[in-house]
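Down below is the structure, laid out as structure tokens.
The values are calculated or read from the model by the stated rules, or taken from the named source; none is laboratory data. Worth saying up front: this structure is predicted, and the values here are computed from it rather than measured. Cβ sites come from the backbone with ideal geometry, for glycine too, and all protein chains shown count toward neighbours. All accessible areas refer to the heavy atoms of the entire protein, side chains included, with ligands and DNA or RNA removed. Shrake-Rupley method; radii C 1.70, N 1.55, O 1.52, S 1.80 Å.
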Amino acid sequence: MQPQQPQQPVQVLPQQPPKPAVPESPLDLPPGALRVGLLVPMTGPQAGFGQAMIDAATLALADVKADDVVLLPRDSGAEPQQSAAAARDLVENQAATVLLGPIYGRNVPAVAEVAAPRQVPVVAFSNDTSALRPGVHLIGLAPEVQVERVVDYAVQQGKSRFAALLPYGAYGDRLAESYRKAVARTGAELVDIVRYSDPGSDAQDAVRRLSGGQQTPPFDSLLLAETGERLRGIASLLPYYGIDAGEAQILGTALWMDQPVGRDQNLQGAWYAAPDRGAWDSFVRRFSALFGAQPPALAGLSYDATALAAVLGRKGQLARELDNPDGFAGVNGLFRFDQKGAAEHALAIYQVTATGGELLDPAAQRFTAGARPGEGVIRSNPLAAPTQPAASSVPPTTGGTPTTGVPPTTGATQATGTTGAATGAASGAAPQGLTGSTSGASVPPAR
């Protein structure tokens, strides 16, 4: 199943998609309806994100003309027991055939435990791979894929000696491990990985140790993993200790996509991997016009997951087709799930400029033929041995399917096998507690 050629954007949409009704029992549902449970925060400080995800899911159903799909939103709460209770209501009382969510990786195992006995698949919005279980897929944008992509690109540009400056903690641990593997796989040299506890005095000492007191850094590429003031503070230390951007290429992650990184001259020219902005920007415009607000990255994940569930679920192929190696197209580009259930996204390479990110190398439009997920096939374009396009199974929407470039997880109405989902770079902060940059470029890692 291959990605189809982009079609024209939707020309006709309702002024605003209807809010999903919440049936009290399965008896209130239309006969033969596909029941999609949506576990999102509906109360508490993250309720705004939950509402945006419900709005995005409703938009996805309208786009794929899923009149026979009933959306069942439930409050996932903040703790595992709350998510489990909501999942139990959906599975046992509402006869949900698929669960989308929750957003917190720590809550996913509790939901999976409820869903497993009924063989109800779970597509969670996290990218915390420790939450993976049989029957669980994670649609979030994993930091490992971002690191592999930017290292591959750097090596293709002639870089051969790599170093990293990373914070302590679970997110830093994941980046460090994936960086080691990515550099080793290319045959390049890993010079050093230096860790720090905070971006203040501890980071200053880390930068000093990284430079080795030399006038010229002993590496030609340096990975940073911060955002905002923390990133600017560390970047200001680099030239002071002889790490000049002209001698060491700065590398970053998708967390920079919606950050004003280019305001710092020390970061201009840096490279980072992130979803392609084309389809995501189109989704943002449509969502904003309908709901009067900019969608957070999580809304993109919700759109893609809902579209994916609707299209595959109506065909009775959800559990089987989720593992299609050709993947799906969503609002953030091409994505698929690896053999363990984690999302693998095709990413673009951007360069930091004073006015924003400049596209250097576009995201792949198809995965390498014959390669299985998890084998490190997300390479700089062009990909070798592209697979042949196949007809899409996604039904058309009114006026045509929207042009989505889902970086798996956000409004996919066009797919290599169906609509995808994406974690797009969204404007607006994402809630704390998510692991890594899920779905998207702007979701901070859990601490």
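Secondary structure note: in the stretch 143-274, about 0% of the DSSP beta bridges are antiparallel. Given axes a ≥ b ≥ c from the Cα gyration tensor, I'd like to know whether the stretch 47-111 is rounded (a/c under 1.5), prolate (a/b larger than b/c) or oblate. Oblate, because a/c is 1.5 or more while a/b does not exceed b/c. Each label point was placed 7 Å from the Cα along the Cα-to-Cβ direction; for Leu190 and Gln156 their separation is 2.3 nm.
Each of the peptides 151-158, 209-216 was scored by the mean count of other Cβ atoms within 10 Å over its residues; in descending order, highest first, they stand as 151-158, 209-216. Close amide H partners of Ser126, meaning residues 5 or more places away or on another chain with modelled amide H under 5 Å apart, are Ile139, Gly140.
Sorted largest first, the spans of the alpha carbon positions of the stretch 143-274 along the three principal axes are 33, 33, 27 Å. Each label point was placed 7 Å from the Cα along the Cα-to-Cβ direction; for Asp264 and Asp67 their separation is 5.4 nm. The slack between Ala170 and Arg208, meaning 0.36 nm per residue of separation minus the straight C-alpha distance, is 11.3 nm.
Apolar share of the accessible surface for the stretch 250-360: 44 percent from carbon plus sulfur atoms, 1.4 Å probe. For the stretch 33-76, list log₁₀ I(q)/I(0) at each q in 0.19, 0.21, 0.23, 0.30 Å⁻¹, using the Debye formula over Cα point scatterers of equal strength and ignoring solvent, two decimals each. Listed by q, the Debye log ratios stand at -0.55, -0.65, -0.74, -1.02. Indicate the gyration tensor shape class of the stretch 117-217 (rounded, prolate or oblate), computed on the Cα atoms with a ≥ b ≥ c the square roots of the eigenvalues: a/c under 1.5 is rounded; otherwise a/b larger than b/c is prolate and the rest oblate. Taking the square roots of the gyration eigenvalues as a ≥ b ≥ c, the stretch 117-217 is oblate.
Under the criterion of Cα pairs below 8 Å and six or more residues apart, the relative contact order for the stretch 143-274 equals 27 percent. Within the stretch 161-214, which chymotrypsin sites (Phe, Trp or Tyr not before Pro) sit in a loop by DSSP and count at most 15 neighbouring Cβ atoms inside 10 Å? Answer by residue number: Tyr168. Residues in the stretch 143-274 average 39 Å² of solvent-accessible surface per residue, probe 1.4 Å, ligands and nucleic acids excluded. Between Leu359 and Asp244, residue separation times 0.36 nm minus the direct Cα-Cα distance comes to 39.1 nm.
Here the accessible area of the stretch 92-225 is 45 percent carbon and sulfur, with a 1.4 angstrom probe and all protein chains present. Computed from point charges on the beta carbon alone (+1 for Lys and Arg, -1 for Asp and Glu), the dipole magnitude for the stretch 107-213 about its Cα centre is near 240 Debye. Our estimate of slack between Glu229 and Ala47, defined as 0.36 nm per intervening residue step minus the Cα-Cα distance, is 62.9 nm. A simple spin-label model places pseudo-atoms 7 Å from Cα toward Cβ; at Gln294 and Ser236 they are separated by 2.4 nm.
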